[in-house]
């Protein structure tokens, strides 16, 4: 990124406030859906290179669910909701009706998958609305896409997505249950139009 396009300390402070507000709303909304208390941790953000999430490397061949929502409008990029397989099962066991949770047939599996997609879609929609209001632009989310892959492949996947999205600004956050042991990651990837629009408005 050209030096003149980098964000100033003041702009990063403004963004941090927006991110904290947005992510706290996301944690509250997710907690309401799951009927559990959630807290949020902003792990990193900015226009520097992406830091790998080392926790996924330690999972090896254990499965991780990735729900991706692409952005449409004046800013390009995508949101990613990443959660390991046993946490998905835990969420389903505490949130879905018991008649559904124990089942292994294809219909039950589809309902479980759909529930995680619904959570991500809600969090992404909330975040898109906050960015739109923050920058005064129109921004929409695409149809959620769910991918299941080995944990050891996640960071390579995210790095490839960074390139494909022409990412100029990214956010990494962790949404964790207070009493229920779930801790999905929520990652933003935004292109240079985010930075250009922000600089025009600050």
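The values are calculated or read from the model by the stated rules, or taken from the named source; none is laboratory data. Fair warning: this is a prediction, and the values are worked out from it, not measured in the lab. Using ideal geometry, Cβ is built from the backbone for each residue, glycine included, and neighbour counts are taken over all protein chains shown.
Pairs, please: C-beta under 8 Å, at least 6 apart or cross-chain, first residue touching a residue at least 24 places away in the same chain (Cβ under 8 Å) and on the phi > 0 side of the Ramachandran plot and in segment 46-75, second part of a strand (DSSP E or B) and loosely packed, with under 14 Cβ neighbours inside 10 Å?
If the second residue must be part of a strand (DSSP E or B) and loosely packed, with under 14 Cβ neighbours inside 10 Å, the pairs left are 73/140.
Of everything in segment 63-97 that's at pLDDT 90 or above and not in a strand (DSSP E or B), which residue is farthest from residue 118 (Cα to Cα)?
In this case the residue turns out to be 74.
Does segment 35-45 contain at least one residue that is at negative phi, in a helix (DSSP H, G or I), surrounded by 15 or more Cβ atoms within 10 Å (Cβ to Cβ) and touching a strand residue (DSSP E or B) at 6+ places or on another chain (Cβ under 9 Å)?
No: segment 35-45 contains no residue that is at negative phi, in a helix (DSSP H, G or I), surrounded by 15 or more Cβ atoms within 10 Å (Cβ to Cβ) and touching a strand residue (DSSP E or B) at 6+ places or on another chain (Cβ under 9 Å).
Report whether or not residue 137 is touching a residue at least 40 places away in the same chain (Cβ under 8 Å), surrounded by fewer than 20 Cβ atoms within 10 Å (Cβ to Cβ), touching a helix residue (DSSP H, G or I) at 6+ places or on another chain (Cβ under 9 Å) and closer than 19 Å to residue 121 by Cα.
no
Can you go through 123, 182 and tell me which one is part of a helix (DSSP H, G or I) and surrounded by 15 or more Cβ atoms within 10 Å (Cβ to Cβ)?
From the options 123, 182, the qualifying one is 123.
Does segment 27-34 contain at least one residue that is crowded, with 16+ Cβ neighbours inside 10 Å, closer than 24 Å to residue 168 by Cα and touching a strand residue (DSSP E or B) at 6+ places or on another chain (Cβ under 7 Å)?
No, segment 27-34 has no match at all.
Filter segment 140-168 for residues that are surrounded by 14 or more Cβ atoms within 10 Å (Cβ to Cβ), outside any helix (DSSP H, G or I) and more than 15 Å from the chain's Cα centre (by Cα) and give the result.
Once the filter is applied, which keeps residues that are surrounded by 14 or more Cβ atoms within 10 Å (Cβ to Cβ), outside any helix (DSSP H, G or I) and more than 15 Å from the chain's Cα centre (by Cα), segment 140-168 yields 149, 150, 168.
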